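Contents: one structure, followed by commentary.
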Amino acid sequence: PAKGPLTGRFGKQYHSVYKSLQLPQNNGVSIAVSPDSEVKAVFNGTVVQISVLPGYHQCILIQHGGYFTLYSKMKNVYVKAGDKVKTEQALGTVDTIDGETVFHFEIWDDNTVPQNPESWLRPR
């Protein structure tokens, strides 16, 4: 979706100093990117929704057969609901929020169970 180092991993997160469990668990991955980095679709699919969600900011939701991908913290969006997208198609750019340019990405199955994006995005 966007290239850069992971700053947040999928699953349970623990505070770096206090070692306490932070809730809720991270349902995706966060990736540090350069300002205005372009985000690309990871699979062919159909754009279901473009919306602003608390904590996620502007998002793109795409359906890919039995799965959904969520691309959040977007600034500019190049697609609209109903558009068919192809793998590697540019979807928009990442926003800088509170001085940080961090893209957030999630994968969900049709039963709304979050999947670990790292296992899907590793080079094969």
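The values are calculated or read from the model by the stated rules, or taken from the named source; none is laboratory data. Worth saying up front: this structure is predicted, and the values here are computed from it rather than measured. Note that each Cβ is placed from the backbone with ideal geometry, even for glycine, and that neighbours are counted across all protein chains shown. For accessibility, only protein heavy atoms count, side chains too; no ligands or nucleic acids. Shrake-Rupley method; radii C 1.70, N 1.55, O 1.52, S 1.80 Å.
Considering region 71-85, and only residues there that are in a strand (DSSP E or B) and under 16 Å from H57 (Cβ atoms), the residue that is most open to solvent (accessible area, probe 1.4 Å) turns out to be K75. Flag not set for L91, criterion: touching a Cys at 6+ places or on another chain (Cβ under 9 Å), in contact (Cβ under 8 Å) with a residue 40 or more places away in the chain and surrounded by 14 or more Cβ atoms within 10 Å (Cβ to Cβ). The residue of region 96-112 that is farthest from D36 (Cα to Cα), among those that are open to solvent by less than 50 Å² (accessible area, probe 1.4 Å) and either outside any loop (DSSP other than H, G, I, E, B) or free of Cβ contacts under 8 Å to residues at least 60 places away in the same chain (or both), is D109. Selection within region 5-29: residues that are closer than 22 Å to T87 by Cβ and at pLDDT 70 or above. The member of this set that is surrounded by the most Cβ atoms within 10 Å (Cβ to Cβ) is G28. Just the residues that are open to solvent by less than 60 Å² (accessible area, probe 1.4 Å), touching a Lys or Arg at 6+ places or on another chain (Cβ under 8 Å) and not in a strand (DSSP E or B), please, taken from region 35-55. Scanning region 35-55 gives S37, A41.
When Q115, Q58 are screened for being buried (at least 17 other Cβ atoms within 10 Å of the Cβ), farther than 19 Å from K3 by Cβ and either touching a Leu at 6+ places or on another chain (Cβ under 6 Å) or at pLDDT below 95 (or both), only Q115 passes.
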